[in-house]
Amino acid sequence: QVQLVESGGGLVQAGGSLRLSCAASGTIFTLSAMAWYRQAPGKQRELVASVTRAGSTRYADSVKGRFTISRDGAKNTVYLQMNSLKPEDTAVYYCYGTVGPRDYWGQGTQVTVSS
């Protein structure tokens, strides 16, 4: 059973930085796409950033230039460096990954940005 475990969330002031990590376990295969999603209270879950096994990245317009996604393929780990954080970045951040035809989600980590 593949498990994704996030870490690195917390409380930060506007303008600050946080780094999220997500480690996958339970598989000998390299995850294909890995991504970060977020869900704010009363809103739908949205894609924040994604990275393919080849290293191609994609970002939501709202985080371009502020967030950077990266991955360590050998360790099936994905990171999200978040800089210049804004109160509107406050949400639960979820790690996502795919192995073959199946996809997996982490349990989520809370990020709160105070103004």
Inset, instruction - Among the candidates S7, S21, S17, S25, single out the residue that is over 19 Å from Q81 (Cβ atoms) and polar (S, T, N, Q). - result: S25
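Residue-by-condition table, conditions (1) in contact (Cβ under 8 Å) with a residue 60 or more places away in the chain; (2) within 16 Å of D103 (Cβ to Cβ); (3) under 10 Å from the mean Cα position of the chain (by Cα):
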position	(1), (2), (3)
L11	yes, no, no
R38	yes, no, yes
D72	no, no, no
V78	no, yes, yes
L85	yes, no, no
Legend entry - Residue within segment 65-74 that is surrounded by 14 or more Cβ atoms within 10 Å (Cβ to Cβ), in contact with a Gly (Cβ under 8 Å, 6 or more places away or on another chain) and of a type outside the set (A, V, I, L, M) present: yes
Legend entry - Residue in segment 30-39 that is touching a Pro at 6+ places or on another chain (Cβ under 6 Å) and closer than 24 Å to G15 by Cβ present: no
Inset, instruction - Would you be able to say whether some residue in segment 20-40 is modelled with pLDDT of 95 or more, closer than 22 Å to S115 by Cα and not in a strand (DSSP E or B)? - result: yes
Legend entry - Selection from segment 30-46 of residues that are basic (K, R), within 15 Å of C95 (Cβ to Cβ) and open to solvent by 40 Å² or more (accessible area, probe 1.4 Å): R45
Legend entry - In segment 87-99, the residues that are of a type outside the set (V, I, T), over 27 Å from T30 (Cα atoms) and either open to solvent by less than 20 Å² (accessible area, probe 1.4 Å) or without any contact (Cβ under 8 Å) to a residue 60 or more places away in the chain (or both): E88, D89, A91
Inset, instruction - Provide a single number: the residues in segment 51-70 that are assigned to a strand (DSSP E or B) and more than 20 Å from T109 (Cα to Cα). - result: 2
Inset, instruction - Tally the residues that are of a type in the set (G, A, S), open to solvent by 30 Å² or more (accessible area, probe 1.4 Å) and part of a strand (DSSP E or B), restricting the search to segment 1-19. - result: 1
Inset, instruction - Return yes when V48 is part of a strand (DSSP E or B), over 17 Å from V5 (Cα atoms) and in contact (Cβ under 8 Å) with a residue 24 or more places away in the chain and no when it is not. - result: yes
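The values are calculated or read from the model by the stated rules, or taken from the named source; none is laboratory data. Worth saying up front: this structure is predicted, and the values here are computed from it rather than measured. Reconstructed Cβ throughout: ideal geometry from the backbone, glycine too, with neighbour counts over all protein chains shown. For accessibility, only protein heavy atoms count, side chains too; no ligands or nucleic acids. Shrake-Rupley method; radii C 1.70, N 1.55, O 1.52, S 1.80 Å.
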